[in-house]
Amino acid sequence: MKTAIRGQILSFQGNPFTEPLEDCLYYEEDGLLIMENGHILEVGSAVKMLATLAPDIPIDVYQDALICPGFIDCHVHYPQTEIIGAYGAQLIDWLNKYTFVAEQKFSDKIHASQAAEIFLKETLRAGTTTASVFCTVDPTSVDAFFEKSEKLNMRNIAGKVLMDRNAPDGLLDTPQTGYDQTKDLIAKWHGKGRSLYSVTPRFAPTSSPEQMEMTGAVWQEHPGTYLQSHISENIGEIAWVADLYPDRSSYVDVYSHYNQLGPRAIYGHGVHFKEDDFRVFSETGTALAHCPTSNLFLGSGLFSIETAMTGPNKVRTGLATDLGGGTNFSQLVSMNEAYKIAQLAGYALSAHHAFYLATRGAAAALYLEDKIGTIAKGYEADITVLDLKATPIIDYRLEYAQSLEEILFVLMIMGDDRATRATYVSGKRVYFNDRDTGKEHFAEL
Ligand SMILES: [Zn+2]
């Protein structure tokens, strides 16, 4: 059955960091978007399209709103939902004190399912329709996540964490069990509906060289699957990796040596990357997830989005929340903090560029730019509707906005999950914040 959405539509069809903005930006002041079977059938001027549209097609009309592609979160940990905002530690202490404690509960299926449900609801409320998700070492945590994600028909990427050292016993696998469980989970979930599997070594310090070897192998044996991990987040972490892998010339070289770089490999952070690290990522087609709220919250450092997107060695980079090191589900908040991080380095990240990084740019980082992240004919119908009157102060402030760019910038600096009016997944409205009644509606999951 065909359905439609009408309102202001904004999307990117190219990369504004490397191409002229007017070639990249798609904007329709009074647009119509027709959907069928989870895909976008047509998009264009409402007035023109309504002239020929069958009168019985239901249309959701949004006034004072901006219809854009569903946000994409390139790096996030659903089991850490319960420890968001945990005080006082930097990366390694934070892992030991909070993360590894929380993650041990996820062998309990009921606990894992409840956490997955809360996580996905918050994701939809934030207008995010795809995420690349770390589960825990226990395969139960992966089943719990994908079962819930599948109910919503979301295009999510997720995987079981691989970890055989430097963590509590309850969170360790072995090179062999990690390999076997990963293989089983790929068979079970990769390509089932819209689900995609990611081989997920937590990071080099928590895997032995044997496990790193087998992790690279299992990924290479399954073309089309993803690999996600962490890199160069924190100064102490980098020194630890140098101690643990004395034969390798750099942190990047560790992952390179174990065949974990390439298309569909995405690494969180890269905060302390040198030009040579960007070069290897660029040449191998490996992607980075920029996690601004996490990098600030954990005191990790300031990532250079300017170098990644405009330097001599460009790397596919998307925005990410990295919850629970990150502090907010909303990618608007990630944009806000990314702007401030760039400002500290003397680079002004425009609203257009920031929106690109959370939509089409994030899709490109995940090699999904032909499927999601753009509103255009043939794309999967994952859509977010942002409210231009989300809060009294945003409403007031936007009375004084003089351009689309200014509206976008105000939204990303002042907005959060309150700005989500509706979220569509695969053509179906799965979240709706009804301004008339003040009530929120979620699809069942
Ligand atoms: Zn992370």
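The values are calculated or read from the model by the stated rules, or taken from the named source; none is laboratory data. Note that the coordinates shown come from a computational prediction; the quantities given were computed from them, not determined experimentally. FYI the Cβ positions are ideal-geometry reconstructions off the backbone, even for glycines, and counts take in every protein chain you see. When the accessible area is computed, the model is the full protein with side chains, heavy atoms only, and any ligands, DNA or RNA have been set aside. Shrake-Rupley method; radii C 1.70, N 1.55, O 1.52, S 1.80 Å.
Conditions (1) open to solvent by 60 Å² or more (accessible area, probe 1.4 Å); (2) within 16 Å of the ligand (Cβ to nearest atom); (3) of a type outside the set (Ser, Thr, Tyr), marked per residue:
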| site | (1), (2), (3) |
| --- | --- |
| GLU221 | yes, no, yes |
| LEU227 | no, yes, yes |
| GLU233 | no, yes, yes |
| GLY236 | no, yes, yes |
| ALA239 | no, no, yes |
| VAL252 | no, no, yes |
| SER256 | no, no, no |
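Of the residues making up the stretch 5-27, those that are assigned to a strand (DSSP E or B), surrounded by 15 or more Cβ atoms within 10 Å (Cβ to Cβ) and in contact with a helix residue (DSSP H, G or I) (Cβ under 8 Å, 6 or more places away or on another chain) are ARG6, LEU10, SER11, PHE12, LEU25.
In the set (1) without any contact (Cβ under 8 Å) to a residue 60 or more places away in the chain; (2) farther than 29 Å from SER304 by Cβ, the condition left unmet by TYR347 is number (2). Close contacts from the stretch 291-314, counting a first residue that is in the same structural domain as GLY325 (by TED's automatic domain parsing) and touching a residue at least 60 places away in the same chain (Cβ under 8 Å) and a second that is among the hydroxyl-bearing types (Ser, Thr, Tyr) and away from the ligand (no atom under 16 Å from the Cβ), with Cβ to Cβ under 6 Å and a gap of 6+ residues or different chains, come to LYS314/SER282.
Yes/no per residue for (1) within 23 Å of ALA342 (Cβ to Cβ); (2) out of contact with any helix residue (DSSP H, G or I) (no Cβ under 6 Å at 6 or more places or on another chain):
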| position | (1), (2) |
| --- | --- |
| THR374 | no, no |
| GLU380 | no, yes |
| ILE383 | no, yes |
| LEU386 | yes, no |
| TYR396 | no, yes |
| TYR400 | no, yes |
| GLU405 | yes, no |
| LEU408 | yes, no |
| MET414 | yes, no |
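Please go through the stretch 400-417 and give me each residue that is under 22 Å from the mean Cα position of the chain (by Cα) and open to solvent by 60 Å² or more (accessible area, probe 1.4 Å), ordered by number. I'd like the intermediate steps shown before the answer.
Going residue by residue through the stretch 400-417, those that are under 22 Å from the mean Cα position of the chain (by Cα) are 408-417.
The answer is PHE409, MET414.
For the stretch 88-154, list the helices (runs of 4 or more DSSP H) that sit wholly inside it and hold at least 2 residues that are basic (Lys, Arg) and away from the ligand (no atom under 16 Å from the Cβ); which are they?
Details: elements: 91-94, 100-103, 109-125, 139-151.
So the answer is 109-125, 139-151.
Based on what the data block shows, is ASP173 assigned to a loop (DSSP other than H, G, I, E, B), touching a strand residue (DSSP E or B) at 6+ places or on another chain (Cβ under 8 Å) and farther than 21 Å from PRO263 by Cα? It is true that ASP173 is assigned to a loop (DSSP other than H, G, I, E, B), touching a strand residue (DSSP E or B) at 6+ places or on another chain (Cβ under 8 Å) and farther than 21 Å from PRO263 by Cα.
Residues in the stretch 56-64 include none that are away from the ligand (no atom under 16 Å from the Cβ), modelled with pLDDT under 95, open to solvent by 70 Å² or more (accessible area, probe 1.4 Å) and of a type in the set (S, T, N, Q). Considering PHE303, PHE273, PHE281, the condition of being within 15 Å of the ligand (Cβ to nearest atom) and buried (at least 23 other Cβ atoms within 10 Å of the Cβ) is satisfied by PHE303 alone.
Take LEU296 and decide whether it is touching a Leu at 6+ places or on another chain (Cβ under 8 Å) and open to solvent by 10 Å² or more (accessible area, probe 1.4 Å). It would help to see each step written out before you state the result.
Working: touching a Leu at 6+ places or on another chain (Cβ under 8 Å): no; open to solvent by 10 Å² or more (accessible area, probe 1.4 Å): yes.
No; evaluated as a whole, the condition is false for this residue.
In the set ARG360, ARG397, which member is buried (at least 20 other Cβ atoms within 10 Å of the Cβ) and of a type in the set (Lys, Arg)? Full working, then the answer.
Numbers: ARG397 fails: buried (at least 20 other Cβ atoms within 10 Å of the Cβ).
After applying the criteria, what remains is ARG360.
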